[in-house]
Amino acid sequence: MNAKAILQMAERLAQKGDTGALKLLVRQASLPLLAEAMLGWTIGRKAQPFLEKVIPLEVLQELQARPALGNHVNVDLAEDTAISFPWSEERMEHVLSWLAPEPWSYDRINHYAYRYLPLGVVFFYNGLHSGAVGVLKREGQLQAKEVDLGPLYEAGLRIEWRRKGLFNGEEVPHAVLGSLAKPIPEVNHAMLLALGEVLHRHGICL
């Protein structure tokens, strides 16, 4: 993935205020994380289901800012970009067999999700296996709590692709705050955080 190409396109679209194209670009850029997260069960590991938690602790401590929690909003899995994080092969097989022939329905006792602003991307953080089926079927509606990443960007957070070391040509994402820069191992999460910064800077919320 060429992160700089994606971010440069996001800048051009944001300058034009083309929110429709930006929404599709964010969905396109979410696909690597969607694949990583939705296939976590194949290795028995759950990818990080909270976008802000991939920011290194040293940077978060210096930021002295946290995402702002908002209201619960309606999410349509047929329209919204949504990601779930199933981790158990046994549970995944069970819900695939159980829910495949049935319409997907929201269980307010089990399904919990965040809708991250300004991206408009939904992360399930509970009900991960049945939630994954809803994502796969692109079917159903649920309530998600809005989480605004804006305070992090306002406090100075940036995501930049920098070389790993002086003699290493590979570029990796870093969380940057002033002169402080720490690598983010979760490259696909970092891509979304970087797009969020572009959108926030241009006053766009998807």
From the list 78, 65, 47, which residue is of a type in the set (Gly, Ala, Ser), touching a residue at least 40 places away in the same chain (Cβ under 8 Å) and under 24 Å from residue 156 (Cβ atoms)? 65
Anything in the range 75-105 that is crowded, with 19+ Cβ neighbours inside 10 Å and touching a strand residue (DSSP E or B) at 6+ places or on another chain (Cβ under 6 Å)? List them, or say none. 75, 80, 81, 82, 83, 84
Could you please tell me which pairs satisfy a Cβ distance under 6 Å, a separation of 6+ or placement on different chains, a first residue in the range 158-185 that is at pLDDT below 90, and a second residue that is of a type in the set (A, V, I, L, M, F, W, C)? 164/172; 171/161
Which residues, taken from the range 107-162, are part of a helix (DSSP H, G or I) and either in contact with an Asp or Glu (Cβ under 8 Å, 6 or more places away or on another chain) or open to solvent by 30 Å² or more (accessible area, probe 1.4 Å) (or both)? 130, 136, 137, 151, 152, 153, 154
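Do you know which residues across the range 109-118 are touching a strand residue (DSSP E or B) at 6+ places or on another chain (Cβ under 7 Å) and either farther than 19 Å from residue 37 by Cα or among the polar types (S, T, N, Q) (or both)? Working first, answer last.
Keep residues of the range 109-118 that are touching a strand residue (DSSP E or B) at 6+ places or on another chain (Cβ under 7 Å), which gives 110-117.
Residues satisfying the conditions are 110, 117.
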Run residue 72 past the list (1) in contact with a strand residue (DSSP E or B) (Cβ under 6 Å, 6 or more places away or on another chain); (2) open to solvent by less than 40 Å² (accessible area, probe 1.4 Å) and report the number of the one that doesn't hold. (2)
Tell me which of these residue 37 doesn't satisfy, since it passes every other one: (1) part of a helix (DSSP H, G or I); (2) open to solvent by 20 Å² or more (accessible area, probe 1.4 Å); (3) under 21 Å from residue 184 (Cβ atoms). (2)
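The values are calculated or read from the model by the stated rules, or taken from the named source; none is laboratory data. Keep in mind that what you see is a predicted model, and the values were worked out from it rather than measured. Every residue, glycine among them, receives a Cβ derived from its backbone with ideal geometry; neighbour counts consider all protein chains shown. Please note that ligands, DNA and RNA were not included when accessible areas were found on the heavy atoms of the full protein model with its side chains. Shrake-Rupley method; radii C 1.70, N 1.55, O 1.52, S 1.80 Å.
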